[in-house]
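Report on the following structure.
The values are calculated or read from the model by the stated rules, or taken from the named source; none is laboratory data. If you're wondering where the values come from, they're calculated on a predicted model, not measured in any experiment. Glycine gets a Cβ as well: all are built from the backbone with ideal geometry, and neighbour counts include every protein chain shown.
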Amino acid sequence: MSTPAQPDATHTALTPAQRLARSRLTLLDYLQQSGRDTPSSQAQAPTWRSARDAARHHWEDHPARLVAELVGPLLSHWGRRHPLAFLGVAAAIGAALVMARPWKLMSVTGVLIAALKSSNLASLAMSVLAARRAPPRDRGPC
């Protein structure tokens, strides 16, 4: 048995390319094992998977997605060029939100009623229910 101070003979005899290939295979084996369902996760997996798929489908149709796709690259470019200014603007926006307290302007009941009246919530619920009934799709290798 080897100790951390003394590496085993097989590890030192490998070239860097062989060690890289070996570590990649080890990672792939680990990822494939973690992807296998255990009995306890089989009951919860369809619910979470269908909820995640429904949320993803909802986001694909959401109007804010277009804004996020347009503004995201611009903000990330500006953030890389001026990280301190980016952090300062983010802190100022956060402080303004805390001072304005917009969550105090609307009641929880009003938000729930608006959400329940929304057709998006109904379509989101229907897609969750449909995804739970649909057979799982065979996903190929990534």
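Observations, loosely collected:
- Index of the failed condition, ASP138 passing every other in (1) modelled with pLDDT under 70; (2) assigned to a helix (DSSP H, G or I): (2)
- Every residue from the stretch 53-74 that is aliphatic (A, V, I, L, M) and out of contact with any helix residue (DSSP H, G or I) (no Cβ under 8 Å at 6 or more places or on another chain): ALA64, LEU66, VAL67, ALA68, LEU70, VAL71, LEU74
- Close pairs from the stretch 21-38: first modelled with pLDDT of 85 or more, partner not aromatic (Phe, Trp, Tyr), Cβ under 8 Å, at least 6 apart: ARG22/LEU14
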